[in-house]
Amino acid sequence: MDHRLAALSMVLTLLSSCTWTGGGATQRSPSPTASPVDAHGSTLDPRQLTALQSMGFSSAGDPCAAPSPHDNATACDDDAPFRHLVSLRLANCSPDLDLPTTALRALSTLRSLAFFRCPIAAPRRLPGPLVASLRSFSCTASLRRLTGVWLSRIQNLTDLSVIGVPVTASGPAVVLSQMHHLRSATISAANLSGFVPHHWHAFNLVHLNLSFNRLRGPVPSSISVLGFLRTLDLSSNALTGTLPDSIGDLAALKNASFAHNSISGPIPDSLSQLSALVHLDLSSNQFNGSIPKFLSGMKGLKLLNLENNNLQGVLPFNASFLKRLEVFKVGGNSNLCYNHTVLSSKLKLGIAPCDKYGLPASPPPDRSTRADSSDYSDDGNDDGSGDRGSGGGAHNGPSKLVLGVAIGLSCFVFLVIFLVCLSKLCG
């Protein structure tokens, strides 16, 4: 009897672990309890869940939920039975946060890794499998300090963004030379020194931003090999020399900024070949010569900034062109002027109108000083009033009459003294 009861108990136990379907009984797999279940019915890899928890992620909720725009965020694949992380963003981290090597090894499925305002120390080295998997790396005001060699190891990147983080390297080439698949590269406000690379290997580069660094030397003519480039920002560096004519070979270029450098020479005529150009910023340099007229024929141009240079001559633009622009700046060019019969002074261009010789007209004289007429005045008449002192008694100097009287008196006194001395000698 005891044996029968035991057998019956075993059967009931087996039945309780099965799910009945139309075709019979199927054994039910035990539900995992180590990982949360998401909307797809899958779970995050337990090792990766542990890694996230070691980085400060909450153990409650689904790590594969929709990413938050402000806090730590993740994205996962749809693998089964366990899902895996493909994207991780750490934001607003505590300075005490640690990135253990074991946790980084568990995240070898990541294709995108981002740090935003995480003032923590950078890992000494990213694990090899993670380096091989990453396609996007972003670091904004995070990781305290990076080296060019550290970044260069992430060779399979298509997108690189480092903003507001000091990068120790002899130049951008140290970082970029091994990244042959790059499509977007931003290293900005990184205190990066050296030169703009002369040799490029990422021929599919679409976006290049090396602004707010300490790059010096000229813009190399070899930049023309980046035929797919749409955005080029080399502003706020210490670049010198002239813009190469080969800049016109960047046929896809839409946005170009060379502002706040020391680039000199004329604006190259080859820019006329950039039919797709929308934004052009050449401000705060040492460009000289006249402004090329072809700029007014660039139909897509919306922003043109030429202020604070050494440009000269007559502004070659009419009102219809300026009206088409969303932003136009040309002030700070002391030898540049505009034709007041073509453009109204109400435009506030920051430059003087031209005189009849095509030169910047002098500003109107102050009424309290000599009132010499100029081409800048409305009537252009000279009534000779400039030789007269103002009613307030402010003179430009003594009159001719006063000078003549003074000289005459001096001569008379001298003559009297001479005669007195002569009479004494003769007596």
Legend entry - Lone unmet requirement of (1) buried (at least 18 other Cβ atoms within 10 Å of the Cβ); (2) more than 22 Å from Asn156 (Cβ to Cβ); (3) out of contact with any Gly (no Cβ under 9 Å at 6 or more places or on another chain); (4) not β-branched (Val, Ile, Thr) for Pro220: (1)
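Test of understanding: among His279, His260, which residue is at positive phi and within 20 Å of the chain's Cα centre (by Cα)? Give the derivation first.
On the way: His279 fails: at positive phi.
The conditions single out His260.
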Legend entry - Those residues of the stretch 301-331 which are free of Cβ contacts under 8 Å to residues at least 40 places away in the same chain, assigned to a loop (DSSP other than H, G, I, E, B) and within 29 Å of the chain's Cα centre (by Cα), in sequence order: Leu301, Lys302, Leu306, Asn308, Asn309, Leu315, Pro316, Phe317, Leu325, Glu326, Val330, Gly331
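Residues of the stretch 204-217 being open to solvent by less than 40 Å² (accessible area, probe 1.4 Å) and part of a strand (DSSP E or B), which ones?
First, pick out the residues of the stretch 204-217 that are open to solvent by less than 40 Å² (accessible area, probe 1.4 Å): 205-206, 208-211, 213, 215, 217.
Within the stretch 204-217, Leu208, Asn209, Leu215, Gly217 meet the criteria.
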Inset, instruction - Report, by residue number, each residue of the stretch 94-107 that is surrounded by fewer than 19 Cβ atoms within 10 Å (Cβ to Cβ) and either assigned to a loop (DSSP other than H, G, I, E, B) or in contact with a Phe, Trp or Tyr (Cβ under 9 Å, 6 or more places away or on another chain) (or both). - result: Ser94, Pro95, Asp96, Leu97, Asp98, Pro100
Inset, instruction - Test His201 against the criterion of being in contact with a Phe, Trp or Tyr (Cβ under 9 Å, 6 or more places away or on another chain) and in a loop (DSSP other than H, G, I, E, B), and give yes or no. - result: no
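Would it be correct to say that Ser272 is of a type in the set (Gly, Ala, Ser) and out of contact with any Ser or Thr (no Cβ under 7 Å at 6 or more places or on another chain)? Write out each step before concluding.
On the way: of a type in the set (Gly, Ala, Ser): yes; out of contact with any Ser or Thr (no Cβ under 7 Å at 6 or more places or on another chain): yes.
Against the criterion (of a type in the set (Gly, Ala, Ser) and out of contact with any Ser or Thr (no Cβ under 7 Å at 6 or more places or on another chain)), Ser272 qualifies.
Out of all the residues in the stretch 231-243, which are surrounded by 18 or more Cβ atoms within 10 Å (Cβ to Cβ) and in a loop (DSSP other than H, G, I, E, B)?
First, pick out the residues of the stretch 231-243 that are surrounded by 18 or more Cβ atoms within 10 Å (Cβ to Cβ): 231-237, 239, 243.
The answer is Leu234, Ser235, Ser236, Asn237, Leu243.
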Inset, instruction - Return only the number of the condition from (1) assigned to a loop (DSSP other than H, G, I, E, B); (2) touching a residue at least 40 places away in the same chain (Cβ under 8 Å) that Gly227 does not satisfy. - result: (2)
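The values are calculated or read from the model by the stated rules, or taken from the named source; none is laboratory data. Not measured: the values here are computed from a predicted model. Counting neighbours? That spans all protein chains shown, and the Cβs are built from the backbone with ideal geometry, glycine included. When the accessible area is computed, the model is the full protein with side chains, heavy atoms only, and any ligands, DNA or RNA have been set aside. Shrake-Rupley method; radii C 1.70, N 1.55, O 1.52, S 1.80 Å.
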